[in-house]
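Trainee: To start, I am sharing the structure in question, which I have written as structure tokens.
A short reminder: the numbers here are calculations on the coordinates, not readings from a lab. All values reported here derive from a predicted model rather than from experimental measurement. For neighbour counting, all protein chains shown are included, and Cβ atoms are generated from backbone atoms with ideal geometry for every residue, glycine included.
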Amino acid sequence: MILAEERRQVVEYASELADLTPGRTGNLSVRDGRDGDAFAITPTGVPYDSFDASDVPVVGVDGEQRDGAMKPSSEVPMHASIYEREDVGAIVHTHSPWSTALAVAREELPPIHYMIVAVGKRVPVAEYAPYGTDELAANIVQAMDEADATASLIENHGLVVTAADLETALENTVHVESLARLYLQTRAAGLEPATLSDEQLETVLEQFESYGQ
Ligand SMILES: [Zn+2]
């Protein structure tokens with residue numbers, strides 16, 4: 001079976017989508033290495049716990065399905081385009097409610113908390129286009145490039161997070177969602193959220209580089 005490990009990861013982590021996004025609206029993918037030419041992606045239109053590794057679709061970066069018993073997510077063009085960026089090993093897409101509330105307002109997430117540096121100094125919002133289209137994929141890639149971010153909101157749609165591996169992409173999806181919630185709750189309380197300066201964010205980035213075991 002091709003991409004056996006990547007497909008196993010899709011099966012293992014798909015259930016985490018259920019906690020992040022309503023219904024079956026999310027999808028995730030894992031690339032064959034950080035520069036591979038194919039990826040394993042969640043199948044379309046089935047519950048997250050109803051498939052095994054052999055069902056998981058394998059799609060080339062050209063968008064063509066190569067293997068797997070089930071059809072891939074309708075957001076294949078988005079995943080394929082984002083994999084043109086270097087060092088992206090996994091992608092998570094959700095309609096998680098707090099991030100999507102910001103996306104509906106067509107507002108980006110500013111640096112209101114130091115944890116934002118997990119995905120950049122801000123989370124931009126990509127211009128709306130119909131789901132599943134190449135145009136939407138291009139808008140998302142452009143927004144992430146311009147903001148030098150690994151995540152982007154999508155106008156009137158949701159959130160996309162990329163990372164070197166799937167565990168990190170899911171972890172950062174949770175970070176962005178909780179920051180979007182903090183931001184909107186602060187505003188809902190009638191308070192004005194303050195933002196960190198570029199210098200303060202640079203210091204956090206240095207601290208993050210030396211953090212860990
Ligand atoms: Zn979507």
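Trainee: Just to check, using Stokes-Einstein with a Kirkwood Rh over alpha carbon pairs, what's the diffusion coefficient of the stretch 93-213 at 4 °C and 1.567 mPa s in µm²/s? Mind showing how you got there, number by number?
Mentor: Values: Rh = 14.6 Å.
This corresponds to a translational diffusion coefficient of 89 µm²/s.
Trainee: Work out the charge dipole of the chain with +1 on the Cβ of Lys and Arg and -1 on the Cβ of Asp and Glu about the Cα centre, then indicate which of ALA38, ASN156, GLY120 is farthest towards its positive end.
Mentor: ASN156
Trainee: Within the chain, which DSSP H helices have Cα atoms that stretch 30 Å or more along the helix axis and a mean Kyte-Doolittle hydropathy of at least 1.0?
Mentor: none
Trainee: Could you give log10 I(q)/I(0) at q = 0.13 Å⁻¹ for the chain, computed by the Debye formula over C-alpha point scatterers of equal weight, without solvent?
Mentor: -0.69
Trainee: Can you give the calculated 222 nm mean residue ellipticity of the chain, where each DSSP H run of n ≥ 4 adds -39,500 (n - 2.57) and the sum is split over every residue, rounded to the nearest 500 deg cm²/dmol?
Mentor: Dividing the helical sum by the residues of the chain leaves -12000 deg cm²/dmol.
Trainee: So how far, in whole Å, is the C-alpha centre of the stretch 148-213 from the one of the stretch 35-76?
Mentor: So the two Cα centres are separated by 28 Å.
Trainee: Taking a ≥ b ≥ c as the square roots of the Cα gyration tensor eigenvalues, with a/c under 1.5 meaning rounded and otherwise prolate when a/b beats b/c, else oblate, which class fits the stretch 147-213?
Mentor: oblate
Trainee: Would you mind computing, in nm to one decimal, how far apart the modelled labels at GLN142 and VAL104 are, each placed 7 Å from Cα along Cα→Cβ?
Mentor: 2.6
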